[in-house]
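Here is the structure we will look at, set down as C-alpha cells.
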Amino acid sequence: MNEAKPPVIAEASSFLKRWSTTFKMVGVAVLILLLLIPLSMVQSVLRERLGRRNEAVADITRAGAATRSLWARCSSCLTATAAKSWKEQAGAGGKIEKVEVVDLVTANAYFLPTN
C-alpha cells in the first residue's frame, strides 16, 4: 500500500500551462465576436442618418428648383435715366451758389414672364 500516486494538482497545472495560449486565443475570439454586436448597431444608425440626410438634401433641392427656374426665365436690362439734383458750388466772388446738376443714373430692371 505504499504505492505512490502522482499528485493531481501537478497534472492540472501542467494541463493549464500546455493549453493556456489556446484558452487566451479562444477568449479573445469570443470578445471580438461579442464586440461585433454593438459595431453593427452603430453602423445601422449611421446608415439611417445618411438616408435621412439624403432625403433632406433632395427636399431642399426640389424646393429650390422652383425658385431657380423662375429666376432663369427672368429678363434683365440695364437702364440709364437722368436725375436732376441741386449742388452747392463756389461762384464768382467767393459766394456759394446752388446749381442744378443733371446726373446719369444706371440701374438694372428685371422683367418676369407673364405666363
Taking first residues from region 87-114 that are farther than 30 Å from S75 by Cβ and of a type in the set (K, R) and second residues anywhere that are at pLDDT below 85 and surrounded by 10 or more Cβ atoms within 10 Å (Cβ to Cβ), the pairs with Cβ under 7 Å that are 6 or more apart or on different chains are none
Subset of region 74-97, residues loosely packed, with under 10 Cβ neighbours inside 10 Å and charged (D, E, K, R), comes to K84, E88, K95
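Residues checked against (1) more than 46 Å from the chain's Cα centre (by Cα); (2) surrounded by 10 or more Cβ atoms within 10 Å (Cβ to Cβ); (3) part of a helix (DSSP H, G or I); (4) hydrophobic (A, V, I, L, M, F, W, C):
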{"position": "E48", "(1), (2), (3), (4)": "no, yes, yes, no"}
{"position": "R62", "(1), (2), (3), (4)": "no, no, yes, no"}
{"position": "V99", "(1), (2), (3), (4)": "yes, yes, no, yes"}
{"position": "D103", "(1), (2), (3), (4)": "yes, yes, no, no"}
All-but-one check, Q43 against (1) modelled with pLDDT under 90; (2) surrounded by 10 or more Cβ atoms within 10 Å (Cβ to Cβ), failing number (1)
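The values are calculated or read from the model by the stated rules, or taken from the named source; none is laboratory data. It should be emphasised that the depicted structure is a prediction, and the values quoted were computed from it without experimental measurement. Cβ: placed from backbone, ideal geometry, glycine included. Neighbour counts: every protein chain shown.
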